[in-house]
Amino acid sequence: MRAGFFYSYHLGWTGLDAATLLGDLEAEGLRPTHPATGYTVLVSLDFPSSGARSPVTREQLLSLAGLQRLQEVGFRLWVDEGSDFLVRIRKARGGVVAVEFSVGELPPEERERAVGAIRRTVGRASVLCIGFVVDRSGMTAATDWDGVVIEGGAHLDAWPDAVAVREETAARHPQLAVLDSVAISPWKVFGNAVLSV
């Protein structure tokens, strides 16, 4: 079974950007603290300890999420008293940072709530956000989304709900350059569910 996702891509990522993102997500009801314990849960993404969880403070999470010393960091976000999902922040190509939300882990109602909250958060960061991809079903998980959003060159074999890229990236991409899109400044948005994101 494939897992749905929401990926966003950001330029000039710093600890302040991580703090702003986390604050905006919290304002939307997505919290990094466990509702019962109050702990923030860091998730190991390294093989062979992949999936191991460690409690950290908010300050520790923010320090790590700035990616000053790490290539990537993973943590859990809670939507309500029981539903949570993995967030991975990683260094991608060309100095871009990718923020990957594994929203497919959530039940449908919570998934829609999370997708809307993430989309509003990304909208607030639009000056430094060069694009995003929403695929609730995960059908395009094998696509090189870094290559599409950052470089404007990777081929699309299947379509997500929505993919947003800067105008110059869309013009470079052989498939996107010939398709109709919806303009949502500063992006051109493509896909079969553009209006639902």
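Criterion applied to Ala92, Ala171 was being touching a helix residue (DSSP H, G or I) at 6+ places or on another chain (Cβ under 6 Å), loosely packed, with under 13 Cβ neighbours inside 10 Å and not polar (S, T, N, Q), and the one residue passing it is Ala171. Can you tell me which residues in region 111-133 are in contact with a helix residue (DSSP H, G or I) (Cβ under 6 Å, 6 or more places away or on another chain) and under 16 Å from Ala98 (Cβ atoms)? Result: Thr121, Cys129, Gly131, Phe132, Val133. Selection within region 102-132: residues that are closer than 19 Å to Val189 by Cα, among the hydrophobic types (A, V, I, L, M, F, W, C) and out of contact with any His (no Cβ under 8 Å at 6 or more places or on another chain). The member of this set that is surrounded by the fewest Cβ atoms within 10 Å (Cβ to Cβ) is Val127.
Taken over region 18-58, the residue count meeting the criterion of being of a type in the set (Ser, Thr, Tyr) and at pLDDT 85 or above is 3. Taken together, the residues in region 80-89 that are among the aliphatic types (A, V, I, L, M) and open to solvent by less than 10 Å² (accessible area, probe 1.4 Å) amount to 2. From the list Gly29, Gly38, the lone residue that is of a type outside the set (A, V, I, L, M, F, W, C) and either under 22 Å from Arg124 (Cα atoms) or in a helix (DSSP H, G or I) (or both) is Gly29.
I need the full set of residues from region 57-76 which are touching a helix residue (DSSP H, G or I) at 6+ places or on another chain (Cβ under 7 Å) and without any contact (Cβ under 8 Å) to a residue 12 or more places away in the chain, in order please. Passing the criteria: only Leu70. Count of region 56-101 residues, restricted to those that are farther than 21 Å from Asp17 by Cβ and out of contact with any His (no Cβ under 7 Å at 6 or more places or on another chain), is 6.
Figure legend. Inter-residue proximity from region 23-42: first residues among the aromatic types (Phe, Trp, Tyr), second residues modelled with pLDDT of 85 or more and surrounded by 13 or more Cβ atoms within 10 Å (Cβ to Cβ), beta-carbon distance below 8 Å, spacing 6+ or different chains. Indicated pairs: Tyr39/Thr33.
The values are calculated or read from the model by the stated rules, or taken from the named source; none is laboratory data. The structure presented is a predicted model; accordingly, all values stated were derived computationally and were not measured. With ideal geometry, Cβ positions are generated from the backbone for all residues, glycine too; neighbour counts draw on all protein chains shown. With ligands, DNA and RNA removed, areas are computed over all heavy atoms of the protein, side chains included. Shrake-Rupley method; radii C 1.70, N 1.55, O 1.52, S 1.80 Å.
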